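**Student:** Structure incoming, see below.
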Amino acid sequence: MAQDVESLRSRLCRLTPDRALTTVDEAVGFLAERGMLTRMPDCALPSLFAACHEAPANPAGRGFDLWPKTKWIWSFQLTRGPEALLTKLHRGKSLYLSMSTARAVDPLVRQTIDSADGDDAVLLDHLGRRGPSMTEDVALELGWDARRVKQARTRMERLGAIVSDGLVFESSTSWYFAPMRRWDQVVERGGGDDPHGDVIVAGVRAAVVAPEAEVASWFSWPGSSEVVARLVGEGRLHRPAPGLLAVAAG
């Protein structure tokens, strides 16, 4: 069974060169199928750049040098349509969500918005009144320096309360900065009675099969072995082999 599910993961997560993404439209479809994608491969969650199977710009380099030589631009074009969202919910790193997955995540993000205090609450309230805003405009309107805005923004982006497409590339030579937005200005209210469980199940579904030990570290919210054990007990997840998790059939 473990071999079968690993083979399925290889195909669905496009882990072999014969399954390489060839167009940005295919990449958009890949996100819709899996529900979430990281930018760079760093765990069992499916990765946009891993699915490109393109050599990095500079294999001996670091950071951006390791991005695909030509397909790097797709990571800035993936959210051009209304059915995809770029977040920092992967412990502060980029995590692309389909809108259906975003609605599953929604209750946890709204909890963050409702419980925010201090500068975080001030920034969220300001965005709630003014709508999508550029960082420099927020700094001017609130009378804050850039560092203060960045600190509050970073905290709230990590928990999903603020989202932004960052740089948006229309072509390799034409780009602009996107404004920051409050989550609830972008995502319709959604989710069920078990948001922590729903997020873990969505992640395992995206990965097809994943090491149980890493699942709790995927997202900005702390996971727990107790939640995973409960999901297995409820039949929402199962263990195809010791140490591995998959979504239960049906």
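Rule-based calculations on the coordinates, nothing more; no lab input. In this text, all values refer to a predicted model and were calculated from it rather than measured experimentally. Neighbour counts are summed over all protein chains in view; Cβ atoms, including those assigned to glycine, are modelled from backbone coordinates with ideal geometry.
**Student:** Determine, from the Cβ-Cβ distance of HIS238 and GLN185 and an R0 of 35 Å, the FRET efficiency 1/(1 + (r/R0)^6), rounded to the nearest 0.05. Please report the intermediate quantities before stating the final value.
**Tutor:** On the way: r = 38 Å, r/R0 = 1.08.
After rounding to 0.05, the efficiency reads 0.40.
**Student:** Compare the Cα positions of MET36, ALA55, THR22 along the charge dipole of the stretch 1-65 (+1 at Cβ of Lys, Arg; -1 at Cβ of Asp, Glu; about the Cα centre) and return the one farthest towards the positive end.
**Tutor:** The Cα lying farthest towards the positive end belongs to MET36.
**Student:** What is the calculated FRET efficiency for ASP145 to GLU54, with r their C-beta to C-beta distance and R₀ = 41 Å, to the nearest 0.05? Let's see the in-between values first.
**Tutor:** Working: r = 40 Å, r/R0 = 0.98.
The calculated FRET efficiency here is 0.50.
**Student:** What FRET efficiency, computed as 1/(1 + (r/R0)^6) with R0 = 25 Å and r the Cβ-Cβ distance, is obtained for ALA32 and LEU66, rounded to the nearest 0.05?
**Tutor:** On the way: r = 26 Å, r/R0 = 1.04.
So, using R0 = 25 Å, E works out to roughly 0.45.
**Student:** Rg over Rh of the stretch 195-247, using C-alpha atoms and the Kirkwood radius, what does it come to? Each step should come with its number before you reach the end.
**Tutor:** Numbers: Rg = 9.6 Å, Rh = 10.6 Å.
With Rh from the inverse mean 1/r over Cα pairs, Rg/Rh is 0.90.
**Student:** Using unit Cβ charges (K, R positive; D, E negative) and no other charged atoms, how large, in debye to the nearest 20, is the dipole of the stretch 195-247 about its Cα centre? It would help to have the intermediate numbers written out before the result.
**Tutor:** Numbers: 4 positive and 5 negative charges, 24 e Å.
The dipole magnitude comes to about 120 debye.
**Student:** Return the distance in nm (one decimal) between the two label points of a simple spin-label model at ALA213 and THR135, each offset 7 Å from Cα along Cα→Cβ.
**Tutor:** Calculated label separation equals 3.7 nm.
**Student:** Where does each of ARG14, ARG130 land when they are ranked from fewest to most other beta-carbon atoms within 10 angstrom?
**Tutor:** Details: ARG14 23, ARG130 13.
Final ranking by Cβ density, sparse to dense: ARG130, ARG14.
**Student:** For the stretch 65-84 and the stretch 101-140, what is the separation of their C-alpha centers, rounded to whole Å?
**Tutor:** Rounded to whole Å, the Cα centres lie 25 Å apart.
**Student:** May I pose another question? What full-extension length gain, to one decimal in nm, is calculated for ALA249 and MET40 as 0.36 nm per residue of separation minus the Cα-Cα distance? Numbers along the way, then the final one.
**Tutor:** On the way: separation 209, 0.36 × 209 = 75.24 nm, distance 2.86 nm.
Gain in length upon complete extension: 72.4 nm.
**Student:** Please give the length that would be gained between GLU83 and ASP4 if that part of the chain were fully extended, namely 0.36 nm times their separation in residues minus their C-alpha to C-alpha distance (nm, one decimal).
**Tutor:** Working: separation 79, 0.36 × 79 = 28.44 nm, distance 3.10 nm.
Separation in residues times 0.36 nm, less the Cα-Cα distance, equals 25.3 nm.
**Student:** Might you report the magnitude of the Cβ-based charge dipole of the chain about its Cα centre, with Lys and Arg at +1 and Asp and Glu at -1, to the nearest 20 debye? Could you put the intermediate results ahead of the total?
**Tutor:** On the way: 30 positive and 32 negative charges, 77 e Å.
The dipole magnitude comes to about 360 debye.
**Student:** Here's a follow-up. Can you tell me the Rg and Dmax of the chain, counting just the alpha carbons, in angstroms?
**Tutor:** Rg and Dmax of the chain, Cα atoms, are 18.7, 60 Å.
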